[in-house]
Amino acid sequence: MGIDDKARNTGEDLKGKAKEAAGKVTDNERLEAEGKRDQASADLKQRGEQLKDAGDDVKDAFNR
């Protein structure tokens with residue numbers, strides 16, 4: 001996984017957490033849900049990158 005991808009996903013997760021917290025404080029259900037969605041999106045992207053890395057590791061093991 002590239003460092004820039006990891007940083008981007010972490011940034012998206014933090015943005016989602018901030019939105020969720022702001023939604024809770026202001027009693028704004030839409031903003032809270034949007035924050036949760038942003039966090040879920042970042043998590044899926046992170047897992048996709050991890051799967052890609054695992055695939056590369058397997059490929060490298062067979063090429064030795």
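The values are calculated or read from the model by the stated rules, or taken from the named source; none is laboratory data. Everything quoted here is computed from the prediction, not taken from an experiment. To get the accessible areas, we keep the full protein, side chains included, count just its heavy atoms, and leave off ligands, DNA and RNA. Shrake-Rupley method; radii C 1.70, N 1.55, O 1.52, S 1.80 Å.
General observations
- By the helix-only formula, in which each DSSP H run with n ≥ 4 contributes -39500 (n - 2.57) and the sum is divided by residues, the chain has a 222 nm mean residue ellipticity of -32500 deg cm²/dmol.
- Solvent-accessible area, 1.4 Å probe, carbon plus sulfur percent, for the chain: 54 percent
- Stretch gain in nm, segment R37-D60, where the contour uses 0.36 nm per residue and the Cα spacing is subtracted: 4.8 nm
- Using the 1.4 Å probe convention, the accessible area of the chain works out to 76 Å² per residue with neighbouring protein chains retained.
- Degrees, to the nearest 10: 29-62 long Cα axis against longest axis of the chain: 10 degrees
- Using distinct alpha-carbon pairs, which all enter the 1/r mean, Kirkwood radius of the chain in Å: 12.9 Å
- With Cα atoms, 0 to 90° folded angle of helix 3-26 axis to the chain main axis: 20 degrees
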